[in-house]
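Input: a single structure, listed below in structure tokens.
The values are calculated or read from the model by the stated rules, or taken from the named source; none is laboratory data. Predicted, not measured: the structure shown is a model, and the values here were computed from it. Cβ placement follows ideal geometry from the backbone for every residue including glycine, while neighbour counts extend to all protein chains displayed. The protein model used for the area step is the full one, side chains on, heavy atoms only, and it has no ligands, DNA or RNA in it. Shrake-Rupley method; radii C 1.70, N 1.55, O 1.52, S 1.80 Å.
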Amino acid sequence: MENNVGGSYRSLGASKEFVPRRSPSVVRCLFCGVRGSFVSKNLRFAFLQSRKVPIPITCFTRGLDIRKEKADVLCPGGCSLEEFSVFGNIVYASVSSICGAAVHRGVIGTSGGPVRVYSLPGRENYSSVAANGIQSQTLSRWSASFAVTKGKSSTQEATGRAVSTANPPSGKRLKKTPEKKTGNKDCKADIAFLIDGSFNIGQRRFNLQKNFVGKVALMLGVGTEGPHVGLVQASEHPKIEFYLKNFTSAKDVLFAIKEVGFRGGNSNTGKALKHTAQKFFTADTGVRKGIPKVVVVFIDGWPSDDIEEAGIVAREFGVNVFIVSVAKPIPEELGMVQDVAFVDKAVCRNNGFFSYHMPNWFGTTKYVKPLVQKLCTHEQMMCSKTCYNSVNIAFLIDGSSSVGDSNFRLMLEFVSNIAKTFEISDIGAKIAAVQFTYDQRTEFSFTDYNTKENVLAVLANIRYMSGGTATGDAISFTVRNVFGPIRDSPNKNFLVIVTDGQSYDDVRGPAAAAHDAGITIFSVGVAWAPLDDLKDMASKPKESHAFFTREFTGLEPIVSDVIRGICRDFLESQQ
């Protein structure tokens, strides 16, 4: 029987198959699987389903890749349980691996096998359950679901030569590299991407925007111990697409971004930013204590509401606001913009760091790395509490005769290298310095200088005193005269003691009083400094707060240890 699109039907047992008319140039074997076949993969899928043959899939094929209400698939053997991404229990979010869900449900084992997949509507909550070697994850909401049952057996074997339903590009077979689930440990941040979903951007540019955000998330190195990201869409009404806790691997984040649909409406960016600051960063949604909180706001053109007020709200909630502006308004459009300086008024500080501009959404790959570098520069995240901007550090520097002028300069260099790591400002970290012998001299207090440049300049010009060594009296002096005036400061207090010899007085009593006052002490000894004194002064655990080096040149490697210790203690104090 001929068909009007050019073909005929032929019997295949109880069913019929439509065979399109072929030109002489087309290979004769419809499903031979060799390169050069002009038959689409979808037609192959339909043919195999009409024969009731399970379709081979990969370990990573997701429910959303099967666009049928019911389908029989064949899972390969040998899939690693750790690589499965599964969300839910019994009913699984469509972003889940089909084979992973089947193993979790007990439908198949690790050797693979046939599975029947049923498409279901989305749900508000997907529970986390450990079953059959797989720990599924929670998900607050997803737009589609599926369930799995045992499929009909087939003579086909489950092999790695699966037909992917995710439309991979033709050509060379891509090598799969194992994903580092821990992520980029050097870029700890909790980041919300606030994308523009208004009619102002349109569907095409919206998709380009999602593609750019995906590239940024990938380069950030999302992982359990690295940055965590979520997504909010600004339109007539803001919508949180997914939270920080929902996905902790770059692969899952990319899948989630891809699934976000275009909403339309006005670009109420201010409304969305305020909503994000108030509702997104909570313990229940996955925010981590002591980690910078960041909102990256994408604005195509200009916002249709007040973004300045939203920026103020974000700062009150300790959130760093980054504005990524695309396609600035042309002169003819400026009359429609409520506030031309909206970028400067929305960011934490108008210093150029928190704003970023791209001319359009095309060819944006070159802008990914510079933006990622900004988002990973923790010491400039001034709008959220971190160890870099929320500490008071006093340095107690030994100026006794045994040190000598040249070695004293090495001690000052050691102190400066620690100080310059922190974000010193009127609202950030504070630095003070005291030099001691038998006497004590406050070189500068916490309130004297509020810029890093001034602090480093004063440290470099401290004059060497020379004299005896009374470390205990120096600790008491510093607690009373340096930390006393700022006892109500919200910052965490640290004292770093650098000495080269034994104290002539008792150090245990004054150090204990400092600990009781909430001051964490790091003791750094050089040359003849007794280890017992260093431990007596140091906070607990002693082994991570007391350091020793034989030579003054050995101070340099200790810099990073002290900085890491300060950040570790700060983070623990926030939990």
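Things to note:
- With θ taken as phi - 60° and the Karplus curve 6.51 cos²θ - 1.76 cosθ + 1.60 applied, the whole-hertz 3J(HN,Hα) list for region 356-365 is 8, 10, 10, x, 6, 8, 9, x, 8, 3 Hz, x standing for glycine and proline.
- Region 410-515, Cα convex hull volume normalised per residue, Å³: 97
- Working note: Cα gyration tensor of region 312-470, eigenvalues times five, square-rooted, sorted largest first, giving semi-axes of 45, 16, 12 Å.
- R0 of 25 Å, Cβ-Cβ distance residue 527-residue 442: FRET efficiency to nearest 0.05: 0.50
- At 1.567 mPa s and 4 °C, Stokes D of region 55-135 from Kirkwood alpha-carbon radius, µm² per second: 105
- Square roots of five times the Cα gyration tensor eigenvalues for region 237-328, Å: 21, 18, 12
- Directionally averaged projected area (convex hull, Cα atoms, region 343-420), nm²: 8.1
- In a reduced charge model with +1 at each Lys and Arg Cβ and -1 at each Asp and Glu Cβ, region 429-468 shows a dipole moment near 60 debye about its Cα centre.
- Between residue 211 and residue 461, the FRET efficiency estimated from the beta carbon spacing at R0 = 51 angstrom works out to 0.45.
- Annotation: per residue accessible area for region 249-313 equals 34 Å², rounded to a whole number [probe 1.4 Å, protein chains only].
- Inter-label distance for residue 224 and residue 561, nm, one decimal - labels placed 7 Å from Cα along Cα-to-Cβ: 2.9
- Estimated inter-spin distance, residue 186 and residue 111, nm [label 7 Å along Cα→Cβ]: 4.7
- Compactness index (Cα Rg / 2.2 N^0.38 Å), region 376-466: 1.13
- Normalised by 2.2 N^0.38 Å, where N is the number of residues, the C-alpha radius of gyration of region 68-114 stands at 1.07.
- A straight chain from residue 454 to residue 369 at 0.36 nm per residue would run longer than the Cα-Cα distance by 27.4 nm.
- Residues whose amide H falls under 5 Å from that of residue 242, counting only those 5 or more places apart or on a different chain, are 231, with hydrogens built in the peptide plane.
- At R0 = 25 Å, FRET efficiency that the Cβ-Cβ distance of residue 279 and residue 81 yields, to 0.05: 0.10
- Rounded if a/c under 1.5, otherwise prolate or oblate - region 102-144, Cα gyration tensor axes: oblate
- Computed from label points 7 Å out along Cα-Cβ, the spacing between residue 420 and residue 489 is 2.2 nm.
- Summarising the amide proton neighbourhood of residue 321: residues at separation of 5 or more, or on other chains, whose placed amide H is nearer than 5 Å comprise 295, 348.
- Extent along the principal axes, Cα only, for region 440-575: 37, 36, 29 Å, with the longest axis given first.
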